[in-house]
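What follows is a single structure, written as structure tokens, with notes after it.
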């Protein structure tokens, strides 16, 4: 299979929703809440583990991590779609804005927030 | 510009990180924490507003919503990359698994969780 | 039983932890992560329900909501304890600070954030 | 000042709200959302810092950490109040339930989740 574009994955998510007539439930607040719950499920995989133990635990549970990341992506795509946001374009523009906030020469090897650079 | 694939956006995020030598800071727990903080910024846009007022507020702030969604996507791509997860493939497989959990005839027009179907 | 003070509930949570020798696991980041996961469990009770249906669902599940709120409070008390914060005092001072940020005459009946008052 | 009970702090939070006539905005979903946003602000204090650097950073920012914990407690108290939950009692009962889930002899010195004990 050829690699999917953001638009193609969005189309899949929308088709899945339309087939189930679920658009009616998708107000933005509940969608954002669902997004945050999926992030919590990803974080739960990391609870009480750190360093090498965490890395090893995640590698062992890669399949489940991939499912949680997919669920997160699913909501991101749906929210962007319903807000009529071109996520592909927004992502590229945000990266350009970040490049201005974090110039390479000032931020290289530093975790400092841009407001403190 | 042609539409971007998941892989192409991931490559952009990785190049951005490598140029700044930030890989050293990106342990999974802090990446997941950053992901959850970006979700909080998206949710903040929705605080205390509901119904038509919420929709109108988000439409007015579509640019900022797109930035927050891009930041969320950014962390999703990086975490998937570092876990060596093929997110494109994982997303398609998760959608297929969801289709089994939520058969169209049982779930059409219903917001019930699959465990209660 | 007499009503408990913040300090008394904190003492109970600390005794519970010490009996199990769990202090060793309680770095601040994992405690904060656990706190956020308990908040997610509370939010999960509210997913896809709104208005009267939400109120009725929460009333029916009051027992579980009380458990989630207790778990959230548990982490708040432990984090405050380990940071050597007098939460009782901090709470009262924060309320006074909020009273200055939201003067009654300017904020009465308005949900506007203080920066926009 | 004498130490405050949970009930006394709840009374303060309710009086603060009533003076501003804010009860009308406090549906449960937006209150839970606000709670989660305050948790995010606490977590933000911990971003990209770990080990001794994190502890030292939090000690330096103890005042702000106390404010965020107070804001979290504020929402916990209000949500419990509006759900007519006796949080004091619920907390004690949840601790007793946890003691059954995590018997001292099985859980001492172990971070294992109760379902895996």
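Remark: D:70, D:34 ranked as D:34, D:70, counting other beta-carbon atoms within 10 Å and listing the fewest first.
Taking the axis that rotates chain D onto chain B, the chain D residue nearest to it by Cβ, with the distance rounded to whole Å, is D:40, 2. Each residue of chain A gets 178 Å³ once the volume of the Cα convex hull is shared out per residue. As a rough footprinting exposure proxy, the listed residues C:93, D:15, A:20 were ranked by other beta carbons within 10 Å of their own, and the order from fewest upward is D:15, C:93, A:20. Each copy carries residue C:23; placing its label point 7 Å along the C-beta direction from Cα gives inter-copy distances of 4.0, 4.4, 5.9 nm, listed from smallest up. Per-residue ellipticity at 222 nm computed for chain A from its helices equals -22000 deg cm²/dmol, with DSSP H segments shorter than 4 residues left out and the rest contributing -39,500 (n - 2.57). Remark: label point of residue D:7 defined 7 Å out from Cα along the Cα-Cβ vector; separations to the same position in other copies 1.9, 6.4, 6.6 nm, ascending. What the Cα atoms of region B:57-117 give is an Rg and a Dmax of 16.3, 38 Å. The per residue volume of the convex hull around the alpha-carbon atoms of the protein assembly as shown is 160 Å³. Cβ crowding within 10 Å ranks D:116, B:30 as D:116, B:30, fewest other Cβ atoms first.
Just want to confirm a number: the relative contact order over chain B, from Cα pairs under 8 angstrom separated by 6+ residues, in percent. With pairs under 8 Å counted, the relative contact order is 33 percent. Taking the label point 7 Å along Cα→Cβ, residue C:99 and its counterparts in the other copies are spaced 3.8, 5.3, 6.1 nm apart, in ascending order.
Read the figures in this text as sums done on the coordinates, not as results from a lab. What you see is a predicted model, and the numbers here were worked out from it, not measured in a lab. Note that we place each Cβ from the backbone using ideal geometry, even for glycine, and neighbour counts take in every protein chain shown.
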